[in-house]
1. Helix check for chain A. Which DSSP H runs span at least 24 Å along their own axis by Cα, with a mean Kyte-Doolittle hydropathy no less than -1.0?
2. Taking chain A as a Gaussian network, where each spring joins two C-alpha atoms under 10 Å apart, which residue of A:39, A:117, A:257 fluctuates the most?
3. Quick check: at a probe of 1.4 Å, how many percent of the accessible area of the protein assembly as shown sits on carbon and sulfur atoms?
4. So what are the ³J(HN,Hα) numbers for segment A:322-336, from phi and the Karplus equation (6.51, -1.76, 1.60; θ = phi - 60°), rounded to whole Hz, Gly and Pro as x?
5. Highest GNM mean-square fluctuation, chain A, Cα pairs closer than 10 Å: which of A:146, A:22, A:384?
6. Rolling a 1.4 angstrom probe over the protein heavy atoms, how many square angstrom per residue are accessible across segment A:355-409?
7. With the Cα gyration tensor of segment A:8-287 in hand, give its eigenvalues times 5 under a square root as the equivalent ellipsoid semi-axes, listed largest first in whole angstrom.
8. What number in nm² do you get for segment A:50-153 if you take the convex hull of its Cα atoms and divide its surface by four?
Amino acid sequence: MSDRLPGFSTLAVHAGAQPDPTTGARATPIYQTTSFVFNDADHAASLFGLQAFGNIYTRIGNPTNAVLEERVAALEGGTAALAVASGHAAQVVVLQQLLQPGDEFIAARKLYGGSINQFTHAFKSFGWNVVWADPDDIASFERAVTPRTKAIFIESIANPAGSITDIEAVSTVARKAGVPLIVDNTLASPYLIRPIDHGADIVVHSLTKFLGGHGNSIGGIIVDAGTFDWSTGGKYPMLSEPRPEYHGIRLQETFGNFAFAIACRVLGLRDLGPALSPFNAFMILTGIETLPLRMQKHCDNAKAVAEFLAGHPAVASVNYAGLASDKYYQLARKYAPKGAGAVFTFGLKGGYDAGVSLVSKLQLFSHLANVGDTRSLVIHPASTTHSQLDDAAKVKSGAGPDVVRLSIGIEDKEDLIADLEQALGA
Amino acid sequence: MNHDSYPDNYIRGILNGVKSIAMVGASPVNVRPSYFAFKYLAQRGYDMIPVNPGHVGKELLGKPFVASLSDIGRPIDMIDIFRNSSHIMPVVEEALTLDPLPTVIWMQLGARDDAAALKAESVGIKVVMNRCPKIEYGRLSSEISWMGVNSRTLSSKRPPAPTQGMRLSLNRMSVGGGETAASDRAAKNKTEQS
């Protein structure tokens, strides 16, 4: 029982899981049940009042999901986590704890297109106002801060071009403004980047991508770093003020450095309802066990494919932070020394038509709107994920008309290169 | 003792070792953290004594309130102080007059008084500050994992099926403090600023 620190791969296999007390089952059982029987009336009251540890109803918590939560919290170096139905649900639940109608949050302009839509339109109807900043210009975050700013949101490796954000620099801005830094770590996974080590206060993921890794289950997760003091100035009443929903409990006072994760569960998940199915939690957990192996292969393949494309005459440009010539190469070396991820874009000399033609000729790459699958994927963002944006916004977010996005899988790299070669060449 | 970050073995040793706990500032109001920490520790088999001069003559879960530590009238292993940082010193000073001395003085989540800690440690008393014994017991036993909390422990052993009121094993393999070092650093910065 020495306080020795197990490595990342050990945590990926073991954290959060133990043999089932009742049956001895070693794999985590799928607790496919809506509800859990109380011992007696007093036990029920204690659970509802947040006074005892235990399960009530799967919309609030489930033992299979809890294993997933603890595992991702351990991999990210957080104090606690909450699994939800999707990455988008994670973002809603996080911001619900932080913003009141009329408040603002600052977001990096380079984001997953779905997040840009969610922030611009859906959140506007809640009175949560997004203010955009440029992740390549840290001062633009500083300029965007107002007294109503409640959070800053960035991606560690940003969609769609795989650019790397200077997390520490943005964290300094957040600290000065007295607001938490939220980092979407989906494209990096904690194997490549652990944002909490660089100053993130909250980490969110689409578990659908590299963590689950097999393209079979939608899910999302929120990790609490335990670093932010919610009590200052009454700025975050969901955490610092007595909650009428729970007989006047103050969450920060009661739960200390995991109060944010508890708020997300008992105020967010409970009342908004985006619960993750225990079956999906099981699938994602199984995926996480091989995350270190898969992620390294994804990165190694991506680098080989990016190098091939960079030397191809039909290719105008390649945006991959793992290439020494790339604008983000130094940031990649600092934040993601094991590899610059497996999602990147390249531009074709033939423009929009060449992009459409390439996608139609590829035989191994699947044309679909996802990333982080074992299989290699291709998409033309301008006509799909980013199609709701106007042309100027497309270019600003790295999804211009000539751009093709790849998500490199774990197949043999020679086969991926051969497929691209035939599709580009003919 | 470095009070910014405690090794798991230090906390484990305390929670495995003590049997009686006097809780100063225990509240009979069932939505106060002191109430449910008291209840949880009693359910896990600790001999709990509620100390609160405002409630003498009443009981907390069947245990009579006493007004002060000196009114307990028998040796106690640990004093758990549920008071603000500014009210810690008098309690520690009173604890130091007890014979025999308690072996542990524990200050709740949010409470920290380094001068009081030093005083207690100078006579050999172990001190924990800004932690909750319920959370630490739940963490080291991994019972708290039910809420998605990072217990920072691992085990490949099959645990017994939990029943009401049983004591849980705290002897799991620790992942160590490093995994939540960010949280400890933040707490330290906060202390230094205040």
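The values are calculated or read from the model by the stated rules, or taken from the named source; none is laboratory data. As the structure is a prediction and not an experimental result, all values here were calculated from the model. Cβ placement follows ideal geometry from the backbone for every residue including glycine, while neighbour counts extend to all protein chains displayed. Remember, those area values only see protein heavy atoms, side chains included, never the ligands or the DNA or RNA. Shrake-Rupley method; radii C 1.70, N 1.55, O 1.52, S 1.80 Å.
1. Those that clear 24 Å and a mean of -1.0 are A:291-310.
2. A:39
3. Using a 1.4 Å probe with all protein chains present, the protein assembly as shown comes out at 54 percent carbon and sulfur.
4. Here the 3J(HN,Hα) series is x, 8, 4, 7, 6, 4, 9, 4, 5, 5, 5, 5, 6, 8, 9 Hz.
5. A:22
6. Per-residue value: 39 Å².
7. For segment A:8-287, the semi-axes come out at 30, 23, 16 Å.
8. Mean projected area of the Cα convex hull: 8.4 nm².
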